[in-house]
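Enquirer: Before anything else, here's the structure in question.
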Amino acid sequence: NPFAGLVSHLRASWLSGKTRPMRYRVAQLEALGRFLDDKKQQILEAIASDLGKAPFETELSEIFLCKNELHETLNKLSRWMKDKQVDRPLAMQLDSAFIRKEPYGVVLIIAPWNYPIHLFLVPLIGAIAAGNCVIVKPSEVSTNTERLVAEALPSYLDKDCFAVVTGGVQETTRLLENKFDYIFFTGSPPVGRIIMTAAAKHLTPVTLELGGKNPCYVSDTCDVTNVARRVAWGRFFNAGQTCIAPDYLLCTLEMQEKLLLALRKAINDFYGPNPQESPDFGRIVSDKQFQRVKRLLGSGRVAIGGQTDEAKRYIAPTVLVDVQPSDPIMQEEIFGPILPIVVIANMDEAIDFINARPRPLALYAFSSDDKIVNQVLERTSSGGFCGNDTLIHVTLPSLPFGGIGNSGLGTHHGKFSFDTFSHRRGCLKRGMGREPLNAPRYPPYSQKNFGVIRATSKVSRKNDCTLL
């Protein structure tokens with residue numbers, strides 16, 4: 001196996017204990033900050049080449065949010081690393097019982113192409129903070145960013161403990177043949193199943209950050225202009241190539257007509273009368289993805305946009321109406337700048353529509369009535385939820401980010417990243433003396449001794465009472 005030597009080298013480094021001291025972890029995390037600072041311009045240029053992404057969008061999503069994660073981790077790492085003392089019954093009051101957060105060992109992070117810095121760097125921050133050695137596999141689809149990461153990142157990190165592996169499906173397949181102690185994958189559900197199957201051969205735990213079709217319910221009671229701007233921003237940011245983008249709107253026919261006017265104005269306000277000329281609107285990442293997204297334009301009827309330019313991999317910000325649940329665009333994650341609208345009669349029908357499908361990575365609800373937003377929240381299930389906005393919940397390091405069911409397994413961001421890459425080891429330390437206290441548990445057994453054990457070790461329910 002071409003990667004066996006690399007994995008063995010990192011495992012030897014981990015077994016040496018090199019990555020465990022807090023000082024070491026902090027030094028490596030600070031090096032990631034220097035990487036972002038030093039290579040900022042190259043990152044902007046590489047992602048512009050790969051995705052046609054505006055510098056504003058890149059700096060916000062790929063640099064600023066990563067720096068927030070980094071600073072959150074550096075500010076709180078000493079607290080996160082501390083042993084957590086746990087409750088003890090009477091019989092163990094003289095003992096020490098605690099949870100120790102330990103690194104898993106050698107972990108693998110496989111990143112996607114749509115946010116090619118953010119989606120490897122944020123989990124990497126958590127893996128380093130937890131004391132692991134790491135192999136990072138950036139996506140080969142975003143070729144310029146992959147090259148930048150492979151060439152630049154190793155000069156910032158300890159090469160004995162961290163490595164970057166490049167390549168496509170064949171290389172990733174061979175890489176997965178090796179035993180890792182944890183695998184973190186971001187991508188599609190079909191590839192997630194492949195990752196999980198490979199991990200199962202070694203009983204390796206995984207986090208799968210997948211995707212899906214994120215519903216966006218718009219009630220009849222809302223500020224239509226604000227809804228349109230927030231939905232258009234979330235749908236067309238990064239040319240729609242965002243795993244938590246609103247994937248389709250659910251609203252009444254009356255609201256659809258209002259939204260179409262407001263969405264048309266929002267798109268014009270954001271990108272001008274010809275979005276292809278806007279420096280703020282991105283492009284589809286590859287010819288393969290362009291053809292896939294373009295085919296989806298055949299669903300329903302184009303109400304806004306619909307223009308394409310194959311040579312530039314451009315697809316205009318597009319809104320579709322008359323969309324049926326059976327249409328191709330409703331069978332897969334869009335991952336492009338197309339927003340279908342599905343007409344429903346009321347909120348109950350919208351909730352039934354959502355619950356009849358795999359649980360999404362994100363779910364959005366808009367209403368001026370907080371009771372309606374709460375109804376959608378309480379009666380549905382999703383990886384994350386955002387009321388009266390889109391995407392913005394992912395910017396909080398204090399919230400866990402992750403899917404459920406078809407949209408993923410496990411969470412990260414902030415402390416949740418540290419926890420994901422940490423094994424919580426239950427520990428009990430007792431003194432060598434006081435042996436008479438242990439006598440009741442030894443043979444020969446008796447009911448009297450069991451009564452002593454029960455009295456000193458029982459966990460009682462609080463506020464228990466017996467009605468006589």
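The values are calculated or read from the model by the stated rules, or taken from the named source; none is laboratory data. Only a predicted model underlies this, so the values are computations on that prediction, with no experimental measurement involved. Quick reminder, even Gly has a Cβ in these numbers, built from the backbone with ideal geometry, and neighbours come from all protein chains shown. What goes into the accessible areas is simple: the full protein's heavy atoms, side chains included, and nothing from ligands, DNA or RNA. Shrake-Rupley method; radii C 1.70, N 1.55, O 1.52, S 1.80 Å.
Enquirer: Given the conditions (1) assigned to a loop (DSSP other than H, G, I, E, B); (2) under 20 Å from Asn114 (Cβ atoms); (3) open to solvent by less than 40 Å² (accessible area, probe 1.4 Å), and given that Phe290 satisfies all but one, which numbered condition is not satisfied?
Expert: (1)
Enquirer: Continuing with the same structure: Looking only at the stretch 77-96, how many residues end up being within 30 Å of Met22 (Cα to Cα) and either open to solvent by less than 70 Å² (accessible area, probe 1.4 Å) or hydroxyl-bearing (Ser, Thr, Tyr) (or both)?
Expert: Residues that pass the stated criteria total 8.
Enquirer: While we're on this one: Identify, from the list Leu253, Leu260, the residue that is more than 16 Å from Phe236 (Cα to Cα) and of a type in the set (A, V, I, L, M). Let's see the steps before the verdict.
Expert: Working: Leu260 fails: more than 16 Å from Phe236 (Cα to Cα).
The unique qualifying residue is Leu253.
Enquirer: Those residues that are farther than 22 Å from Met255 by Cα and surrounded by fewer than 21 Cβ atoms within 10 Å (Cβ to Cβ), I need them from the stretch 348-378; list them, please.
Expert: Ala356, Arg357, Pro358, Arg359, Glu378, listed by residue number.
Enquirer: Does the stretch 387-408 contain any residue that is out of contact with any strand residue (DSSP E or B) (no Cβ under 8 Å at 6 or more places or on another chain), at pLDDT 95 or above, under 27 Å from Ala97 (Cα atoms) and open to solvent by 30 Å² or more (accessible area, probe 1.4 Å)?
Expert: Among the residues of the stretch 387-408, not one is out of contact with any strand residue (DSSP E or B) (no Cβ under 8 Å at 6 or more places or on another chain), at pLDDT 95 or above, under 27 Å from Ala97 (Cα atoms) and open to solvent by 30 Å² or more (accessible area, probe 1.4 Å), which makes the answer no.
Enquirer: Out of Leu29, Leu74, report the one residue that is buried (at least 18 other Cβ atoms within 10 Å of the Cβ) and not aromatic (Phe, Trp, Tyr). Reasoning before the result, please.
Expert: On the way: Leu74 fails: buried (at least 18 other Cβ atoms within 10 Å of the Cβ).
Criteria check complete, one pass: Leu29.
Enquirer: Moving on to the next point. For the stretch 208-225, name all the residues that are more than 20 Å from the chain's Cα centre (by Cα) and either free of Cβ contacts under 8 Å to residues at least 12 places away in the same chain or open to solvent by less than 10 Å² (accessible area, probe 1.4 Å) (or both).
Expert: Within the stretch 208-225, the first condition is being more than 20 Å from the chain's Cα centre (by Cα), and the residues that meet it are 217-225.
Of everything in the stretch 208-225, those that are more than 20 Å from the chain's Cα centre (by Cα) and either free of Cβ contacts under 8 Å to residues at least 12 places away in the same chain or open to solvent by less than 10 Å² (accessible area, probe 1.4 Å) (or both) turn out to be Val218, Ser219.
Enquirer: Continuing with this model, one more query. Working only within the stretch 243-287, note down all residues that are open to solvent by 40 Å² or more (accessible area, probe 1.4 Å), more than 23 Å from Ser61 (Cβ to Cβ) and more than 29 Å from the chain's Cα centre (by Cα).
Expert: Step one: filter the stretch 243-287 for residues open to solvent by 40 Å² or more (accessible area, probe 1.4 Å), giving 253-254, 257-258, 261, 264-265, 268-270, 273-274, 276-277, 279-280, 283, 287.
Next, from what is left, pick out any that are more than 23 Å from Ser61 (Cβ to Cβ): 253-254, 257-258, 261, 264-265, 268, 273-274, 287.
If the condition is that a residue be open to solvent by 40 Å² or more (accessible area, probe 1.4 Å), more than 23 Å from Ser61 (Cβ to Cβ) and more than 29 Å from the chain's Cα centre (by Cα), then Leu253, Glu254, Glu257, Lys258, Leu261, Arg264, Lys265, Asn268, Pro273, Asn274 are the ones that fit.
Enquirer: Determine, yes or no, whether Val122 is touching a His at 6+ places or on another chain (Cβ under 7 Å) and either crowded, with 23+ Cβ neighbours inside 10 Å or not small (Gly, Ala, Ser) (or both).
Expert: On the way: touching a His at 6+ places or on another chain (Cβ under 7 Å): yes; either crowded, with 23+ Cβ neighbours inside 10 Å or not small (Gly, Ala, Ser) (or both): yes.
So Val122 fits the description; yes.
Enquirer: Another question about this same structure. Could you list, in sequence order, all residues of the stretch 306-323 that are open to solvent by less than 30 Å² (accessible area, probe 1.4 Å) and not β-branched (Val, Ile, Thr)?
Expert: Within the stretch 306-323, the first condition is being open to solvent by less than 30 Å² (accessible area, probe 1.4 Å), and the residues that meet it are 306, 314-321, 323.
Across the stretch 306-323, the qualifying residues are Gly306, Tyr314, Ala316, Pro317, Leu320.
Enquirer: Evaluate the stretch 426-443: report whether one residue or more is under 20 Å from the mean Cα position of the chain (by Cα) and at pLDDT 95 or above. Show your work before the answer.
Expert: Of the residues in the stretch 426-443, the ones under 20 Å from the mean Cα position of the chain (by Cα) are none.
Scanning the stretch 426-443 turns up no residue that is under 20 Å from the mean Cα position of the chain (by Cα) and at pLDDT 95 or above.
Enquirer: Are any of the residues in the stretch 54-71 in a helix (DSSP H, G or I) and exposed (fewer than 13 other Cβ atoms within 10 Å of the Cβ)? Step through it out loud before you land on a result.
Expert: In the first step, residues of the stretch 54-71 are kept if they are in a helix (DSSP H, G or I); the result is 55-71.
Now drop any that are not exposed (fewer than 13 other Cβ atoms within 10 Å of the Cβ), which leaves 56.
Looking through the stretch 54-71, at least one residue is in a helix (DSSP H, G or I) and exposed (fewer than 13 other Cβ atoms within 10 Å of the Cβ).
Enquirer: Counting only residues that are β-branched (Val, Ile, Thr) and assigned to a helix (DSSP H, G or I), how many does the stretch 138-196 have? Break it down into steps so the answer makes sense when it comes.
Expert: Applying the first criterion (β-branched (Val, Ile, Thr)) to the stretch 138-196 yields 141, 143, 145, 149, 164-166, 169, 172-173, 183, 186, 191, 194-195.
Next, only the ones that are assigned to a helix (DSSP H, G or I) stay: 143, 145, 149, 169, 172-173, 191, 194-195.
Residues that pass the stated criteria total 9.
Enquirer: If you scan the stretch 125-137, which residues turn out to be part of a helix (DSSP H, G or I) and out of contact with any His (no Cβ under 7 Å at 6 or more places or on another chain)? If you could, list the steps in order and put the result at the bottom.
Expert: First pass over the stretch 125-137, keeping only residues part of a helix (DSSP H, G or I): 125-129.
Correct list: Ile125, Ala127, Ile128, Ala129.
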